[in-house]
Amino acid sequence: MNSDSLLPALEAISRDRPDRVLRLRGMVPSAEGAEEALEVLIFRGFSSCTTHPTDFDPDRTVLPDGAAIETAELLRGPLNPQQEELLIGPLPPAQLIEADRWI
């Protein structure tokens, strides 16, 4: 499953889990041809890219062109950056396509 089709499935699961935040990490090619770190947070059905600009149109993906999601971490929500509580991960994002994995 590619990153663009993975995101809507994970957003749908997160709508029913307001007590969870999913952090996705990966890489995206830079303008210079190198790779840059990528981070996306999913909470209550919405994705937000924390490392790159996103479009204001909610129907467009938050992933930059060429983005590759590599790992996922499930955190207790709402997220408190000073006291993050990691529940599971890092693991391949496709392993969280099943709603029952969102412990």
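No value in this document is a laboratory result; all are computed from the given coordinates. Computed from a predicted structure; not experimentally measured. Cβ coordinates were reconstructed from backbone atoms using ideal geometry, including for glycine residues, and neighbour counts include every protein chain displayed.
Under the condition of being closer than 20 Å to residue 88 by Cβ and among the hydroxyl-bearing types (Ser, Thr, Tyr), the residues counted in region 1-21 number 2.
Among the residues of region 6-21, some residue qualifies, meaning at least one is assigned to a strand (DSSP E or B), free of Cβ contacts under 8 Å to residues at least 60 places away in the same chain and surrounded by 15 or more Cβ atoms within 10 Å (Cβ to Cβ). Among the residues of region 84-96, are any loosely packed, with under 15 Cβ neighbours inside 10 Å, more than 14 Å from the chain's Cα centre (by Cα) and either without any contact (Cβ under 8 Å) to a residue 12 or more places away in the chain or assigned to a helix (DSSP H, G or I) (or both)? Looking for residues that are loosely packed, with under 15 Cβ neighbours inside 10 Å, more than 14 Å from the chain's Cα centre (by Cα) and either without any contact (Cβ under 8 Å) to a residue 12 or more places away in the chain or assigned to a helix (DSSP H, G or I) (or both), one finds at least one in region 84-96, hence yes.
Please go through region 8-19 and pick out each residue that is in contact with a Lys or Arg (Cβ under 7 Å, 6 or more places away or on another chain) and closer than 20 Å to residue 81 by Cα. Give the steps one after another, and end with the answer.
Filtering region 8-19 down to residues in contact with a Lys or Arg (Cβ under 7 Å, 6 or more places away or on another chain) leaves 14-15, 18-19.
Result: 14, 18, 19.
Is it true that residue 63 is part of a loop (DSSP other than H, G, I, E, B) and surrounded by 16 or more Cβ atoms within 10 Å (Cβ to Cβ)? Spelling it out, residue 63 is indeed part of a loop (DSSP other than H, G, I, E, B) and surrounded by 16 or more Cβ atoms within 10 Å (Cβ to Cβ). Report, by residue number, each residue of region 63-79 that is under 16 Å from residue 10 (Cα atoms) and either touching a His at 6+ places or on another chain (Cβ under 8 Å) or acidic (Asp, Glu) (or both). Scanning region 63-79 gives 70, 73.
For region 73-82, the set of residues classified as in contact with a Lys or Arg (Cβ under 7 Å, 6 or more places away or on another chain) and either hydrophobic (A, V, I, L, M, F, W, C) or assigned to a helix (DSSP H, G or I) (or both) consists of 74, 75, listed by residue number. For region 22-45, taking the residues that are surrounded by 17 or more Cβ atoms within 10 Å (Cβ to Cβ) and more than 15 Å from residue 95 (Cα to Cα), the one that is farthest from the chain's Cα centre (by Cα) is identified as 28.
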